[in-house]
Amino acid sequence: MTDSFEAKGKRKRLVEELRKKGISDEEVLRAIDTVPRHLFMDAAFLVHAYTDKAFPISSGQTISQPYTVAVQTSLLRVKKRDKILEVGTGSGYQAAVLAEIGAKVYTIERFRDLFLKAQKTLASLGYNIDFFYGDGYAGKPQYGPYDGIVVTAAAPEIPSELLRQLKTGGRLVVPVGNSSSQVMTVVERTGEDAFEYSRHGDFVFVPMLKGTVNGK
Ligand code: SAH
């Protein structure tokens, strides 16, 4: 799998578009400028890879819109060597953006075929990420606590088990709502039993579902 001058040029334009839409975190923009998003999609879709839109991958799921990836990553306030847990690996694109910023990334996916495919993609790009096949509602306590947890699927309510896996000072970024629209919600753990909530606009994600899927 290779990058190309054409793709690099398209990424520069995408980054300018994200700046105009209000993304200002330079590390996030640099990561989006660096990660070859087209390699997370089927080969025929290069023309769509650098438009600011979500796009279907397999198993009825989607690769998130670049703007959404940029917002979630900015809200996490990732620093180098932060331990970040992602729920909803999907294509692996969001995980790659986090790894590009220097985070130690753990990511969970409930579809076995997506879990396997993302693992391959990320390995070929040289990112060192820990992949898990499982139900992200349970998090991954054995590797926590985390500096940040990002859920990239629509949660009907804040998954309480994930709050328990945050460090003090850690942040959970999760879209909360029904299937048609969700509010991007940040929960910061300010003490052992203290949490602060903030809301950051409306988004639309595929649903966060319980259990795992071992076929297509
Ligand atoms: N971050 C992904 C976005 C994928 S869409 C990307 O950058 O491409 C959301 C993903 O969340 C889907 O692949 C879906 O299968 C997964 N998902 C939904 N509920 C889940 C759960 N409970 N545990 C783990 N993954 C889940």
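The values are calculated or read from the model by the stated rules, or taken from the named source; none is laboratory data. Keep in mind that what you see is a predicted model, and the values were worked out from it rather than measured. Here the Cβ positions follow ideal geometry from the backbone for every residue, glycine too, while neighbour counts run over all protein chains shown. These accessible areas exclude ligands, DNA and RNA; they are computed on the full protein's heavy atoms, side chains included. Shrake-Rupley method; radii C 1.70, N 1.55, O 1.52, S 1.80 Å.
List of remarks:
- Accessible surface, 1.4 Å probe, highest first, among residues Thr89, Thr51: Thr51, Thr89
- Helix-only [θ]222 nm of the chain, DSSP H runs n ≥ 4, -39500 (n - 2.57) each, per residue, nearest 500: -9000 deg cm²/dmol
- Site-free segments of the chain were taken between GluC sites (Glu not before Pro) in DSSP loops having at most 14 other Cβ atoms within 10 Å, sites themselves excluded; the longest one is 1-156.
- Segment Ser179-Gln142, extension gain: residue separation times 0.36 nm, minus the distance between their alpha carbons: 10.2 nm
- Modelled label reach - Val213, point 7 Å along Cα→Cβ, the stretch 71-99 residues with backbone N closer than 16 Å: 88-92
- Rounded to two decimals, the Cα radius of gyration of the stretch 103-216 over 2.2 N^0.38 Å is 1.09.
- P(r) of the stretch 128-180 over all Cα-Cα pairs, binned every 10 Å from zero, in whole percent: 24, 54, 21, 2
- Between amide H atoms placed 1.01 Å from N, distances below 5 Å from Val213 occur with Phe111, Arg112, all of them 5 or more places distant or on a separate chain.
- The stretch 51-150 shape via C-alpha gyration tensor axes, a/c threshold 1.5: rounded
- With contacts taken as Cα pairs under 8 Å and at least 6 residues apart, the stretch 54-203 reaches a relative contact order of 18 percent.
- The convex hull defined by the C-alpha atoms of the stretch 152-216 has an orientation-averaged projected area of 5.0 nm².
- Kirkwood Rh in Å, taken over the chain so that all alpha-carbon pairs contribute: 17.1
- Distance-filtered residues of the stretch 156-191 - backbone nitrogen under 14 Å, label point 7 angstrom along His200 Cα→Cβ: 170-176, 183-189
- Share antiparallel - DSSP beta bridges, the chain, percent rounded to 5: 45
- Where trypsin sites (Lys or Arg not before Pro) fall in DSSP loop in the stretch 61-125, at most 11 other Cβ within 10 Å: Lys80, Arg81
- Taken one residue at a time, the phi angles of the stretch 134-150 give Karplus couplings (6.51, -1.76, 1.60, θ = phi - 60°) of x, 9, x, 4, 8, x, 9, x, 5, 9, x, x, 10, 6, x, 10, 10 Hz. Gly and Pro are set to x.
- Legend: distances between Cα atoms for Lys120/Lys210; Lys83/Lys210; Lys83/Lys140; Lys104/Lys140; Lys80/Lys104; Lys79/Lys104; pairs beyond 18 Å are Lys120/Lys210; Lys83/Lys210.
- In the complete set of protein chains, residue-level accessible area for Asp193 is approximately 140 Å², probe 1.4 angstrom.
- Solvent exposure ordering (accessible area, 1.4 Å, most first) of Val173, Val213: Val213, Val173
- Close amide H pairs (under 5 Å, H built 1.01 Å from N) link Tyr146 with Leu166, Lys167, residues at least 5 positions away or on another chain.
- Build a GNM of the chain with springs between Cα atoms under 10 Å apart, and of Pro56, Pro145, Pro175 the one that fluctuates most is Pro56.
- Accessible area expressed per residue, the chain, with surrounding protein chains retained (probe 1.4 Å, Å²): 46
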